[in-house]
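The structure appears below as structure tokens.
The values are calculated or read from the model by the stated rules, or taken from the named source; none is laboratory data. Keep in mind it's a predicted model, so treat the numbers as computed, not measured. When we count neighbours, we look across all protein chains shown, and the Cβ atoms used for this are built from the backbone with ideal geometry, even at glycine. Just the protein is used for accessible areas: all its heavy atoms, side chains included, with ligands, DNA and RNA removed. Shrake-Rupley method; radii C 1.70, N 1.55, O 1.52, S 1.80 Å.
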Amino acid sequence: MDAFAGKSGASLDLERFAKTAAQSRAPLLILGELGVGKKSFARRLHFEGPQKSDPFVAVNCAFEPLDGAGVLGRLKAAQSGSLFLDGVGSLSMEAQEAVLKAILEGTTGQGGARILCAESRDLEIMVGQGNFLEPLFNRIGAAAVRIPPLRERKDDIMPLAELFLNAFSAETKKSFEGFSDEAKEALLAYDWPGNVRELKNSVERACLLGKPPLAGLQDFLPFGGAFGSQAQGSYVPQSGMSLKDAMNGFKKFYVERALRTVGKNQAETAASLGIQRTYLSRLLVELGIR
């Protein structure tokens, strides 16, 4: 499912960029918030380019630690295709040096894999903090593209929602024809902090819960998702609650929202919250989150 099926000005600009960039073998940096579709964009660059018949090897750098040998192994696996380093800022210094060496020695040029990188954090700040190699940043950042968050390309919301609805209708064997007017209004009013990933997950839940022909607003509500009483991303404690209960209520709301955003993947949720996975597991038990 294409994360850039919309017709906003931003998506059209990205489409034009992709057509040109796909023909290049130069390293490229894809920037954007979590869930905007950086991997989808990298796949588009690969499969619309001359290397489309060769492997597309994707590595989530935050959850698959690589050393120098690991980088070389992934480059070899990609052959003359593409190596996608998602969350490149999480690479160890040794791995960063291996990537830089491969670029400088030209092993990623003609006959080698193209390196595509993605990051949701500010790599310039990480360079200043000494956590990312400046020469590597200069090499991959020379051709950088930013994917705007979904809240900045509202014209994409309904085309994407309809694309997801059609796909999940087929998977669930339900003949949805579209969304109710109330659901459309809510879809367009919501800011989508989890971006395209959150929209996709929300539509999937609506397909599972709803009954054709239309996915209605009520189909999004039972999971307390995008259109619940806390739709605007706020938590309001009840009057008379103790400070402890109010704090726990907020933590439960915030963790549950993070889980929904990444499709209940605990490792990715922990990373998005900036905590260890073991601590997240403890929170799930303490807060009664399933």
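Assess whether PHE63 counts as being modelled with pLDDT of 90 or more, open to solvent by 40 Å² or more (accessible area, probe 1.4 Å) and not acidic (Asp, Glu). Don't jump to the end; show me each part of the working.
Working: modelled with pLDDT of 90 or more: no; open to solvent by 40 Å² or more (accessible area, probe 1.4 Å): yes; not acidic (Asp, Glu): yes.
So PHE63 fails the test.
Is it the case that some residue within region 114-127 is out of contact with any Asp or Glu (no Cβ under 8 Å at 6 or more places or on another chain), open to solvent by 50 Å² or more (accessible area, probe 1.4 Å), under 24 Å from SER90 (Cα atoms) and hydrophobic (A, V, I, L, M, F, W, C)?
Yes, because at least one residue in region 114-127 is out of contact with any Asp or Glu (no Cβ under 8 Å at 6 or more places or on another chain), open to solvent by 50 Å² or more (accessible area, probe 1.4 Å), under 24 Å from SER90 (Cα atoms) and hydrophobic (A, V, I, L, M, F, W, C).
If only one of LYS19, LYS76, LYS101, LYS7 is surrounded by fewer than 16 Cβ atoms within 10 Å (Cβ to Cβ) and either at pLDDT below 90 or hydroxyl-bearing (Ser, Thr, Tyr) (or both), which one is it?
Numbers: LYS19 fails: either at pLDDT below 90 or hydroxyl-bearing (Ser, Thr, Tyr) (or both); LYS76 fails: either at pLDDT below 90 or hydroxyl-bearing (Ser, Thr, Tyr) (or both); LYS101 fails: either at pLDDT below 90 or hydroxyl-bearing (Ser, Thr, Tyr) (or both).
Among LYS19, LYS76, LYS101, LYS7, only LYS7 is surrounded by fewer than 16 Cβ atoms within 10 Å (Cβ to Cβ) and either at pLDDT below 90 or hydroxyl-bearing (Ser, Thr, Tyr) (or both).
Pick out the one residue from LEU217, LEU273, LEU221, LEU287 that is open to solvent by 40 Å² or more (accessible area, probe 1.4 Å), over 22 Å from LEU34 (Cα atoms), among the hydrophobic types (A, V, I, L, M, F, W, C) and modelled with pLDDT of 75 or more.
Values: LEU273 fails: over 22 Å from LEU34 (Cα atoms); LEU221 fails: modelled with pLDDT of 75 or more; LEU287 fails: open to solvent by 40 Å² or more (accessible area, probe 1.4 Å).
Of LEU217, LEU273, LEU221, LEU287, the one residue that is open to solvent by 40 Å² or more (accessible area, probe 1.4 Å), over 22 Å from LEU34 (Cα atoms), among the hydrophobic types (A, V, I, L, M, F, W, C) and modelled with pLDDT of 75 or more is LEU217.
For residues that are in a loop (DSSP other than H, G, I, E, B) and within 21 Å of the chain's Cα centre (by Cα), scanning just region 36-50, find the one that is surrounded by the most Cβ atoms within 10 Å (Cβ to Cβ).
VAL36
Could you tell me which residue of region 147-169 is least open to solvent (accessible area, probe 1.4 Å), considering only residues that are assigned to a helix (DSSP H, G or I) and within 20 Å of GLU119 (Cβ to Cβ)? Give the derivation first.
Taking region 147-169 and keeping what is assigned to a helix (DSSP H, G or I), we get 150-152, 154-169.
Remaining after also requiring within 20 Å of GLU119 (Cβ to Cβ): 150-152.
Details: LEU150: 1, ARG151: 95, GLU152: 106 Å².
Step by step, filter region 147-169, then rank; the result is LEU150.
Just one of SER24, SER53 is outside any helix (DSSP H, G or I), open to solvent by less than 50 Å² (accessible area, probe 1.4 Å) and at pLDDT below 95; which is it?
On the way: SER53 fails: open to solvent by less than 50 Å² (accessible area, probe 1.4 Å).
That would be SER24, the only listed residue that is outside any helix (DSSP H, G or I), open to solvent by less than 50 Å² (accessible area, probe 1.4 Å) and at pLDDT below 95.
Given the criteria within 23 Å of the chain's Cα centre (by Cα) and either at pLDDT 95 or above or closer than 30 Å to VAL255 by Cβ (or both), does ASN131 qualify?
Considered against the rule, which asks whether it is within 23 Å of the chain's Cα centre (by Cα) and either at pLDDT 95 or above or closer than 30 Å to VAL255 by Cβ (or both), ASN131 comes out as yes.
Okay, residues lined up against (1) within 18 Å of ILE30 (Cβ to Cβ); (2) touching a residue at least 60 places away in the same chain (Cβ under 8 Å):
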{"position": "GLY81", "(1), (2)": "yes, no"}
{"position": "GLU94", "(1), (2)": "no, no"}
{"position": "CYS117", "(1), (2)": "yes, yes"}
{"position": "GLY130", "(1), (2)": "no, no"}
{"position": "GLU134", "(1), (2)": "no, no"}
{"position": "ARG139", "(1), (2)": "yes, yes"}
{"position": "ALA142", "(1), (2)": "yes, yes"}
{"position": "ARG151", "(1), (2)": "no, no"}
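Could you check how many residues of region 187-214 are touching a helix residue (DSSP H, G or I) at 6+ places or on another chain (Cβ under 7 Å), part of a helix (DSSP H, G or I) and either open to solvent by 40 Å² or more (accessible area, probe 1.4 Å) or over 25 Å from LEU259 (Cβ atoms) (or both)?
Final tally of qualifying residues: 6.
Would region 177-186 turn up any residue that is open to solvent by 20 Å² or more (accessible area, probe 1.4 Å), at pLDDT 90 or above and in a helix (DSSP H, G or I)?
yes
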